[in-house]
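The values are calculated or read from the model by the stated rules, or taken from the named source; none is laboratory data. Quick caveat: nothing in here was measured; it's all calculated off a predicted structure. Just the protein is used for accessible areas: all its heavy atoms, side chains included, with ligands, DNA and RNA removed. Shrake-Rupley method; radii C 1.70, N 1.55, O 1.52, S 1.80 Å.
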Amino acid sequence: MTTISPLPWQGQSLQLRTHVDMLWAVGGRAGGKSTCSRFHLLSHCNTLGPHAAPVVVREASDMEAAEMSL
């Protein structure tokens, strides 16, 4: 099994999770935004257990939408 650890900025972001209810990850390609979002989701589920009810909304960019239609 592969262990995945957050990058330094992702770890800082995870520390904010106890203070905010929403994560906005914006920017260009790469950088670890999707992985950071998954870390937040896992942290939320681990904290709340069976009471967790996360909602994930992701909007594809025009480029991603074009790639998906191929």
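Kindly provide the set of residues from the range 29-39 that are farther than 16 Å from LEU16 by Cα and open to solvent by 80 Å² or more (accessible area, probe 1.4 Å), ordered by number.
Once the filter is applied, which keeps residues that are farther than 16 Å from LEU16 by Cα and open to solvent by 80 Å² or more (accessible area, probe 1.4 Å), the range 29-39 yields ARG29, ALA30.
Consider LEU42 carefully, then state whether it is modelled with pLDDT of 80 or more, of a type in the set (A, V, I, L, M), open to solvent by less than 80 Å² (accessible area, probe 1.4 Å) and part of a helix (DSSP H, G or I).
Here the answer is no, as LEU42 does not meet what is asked.
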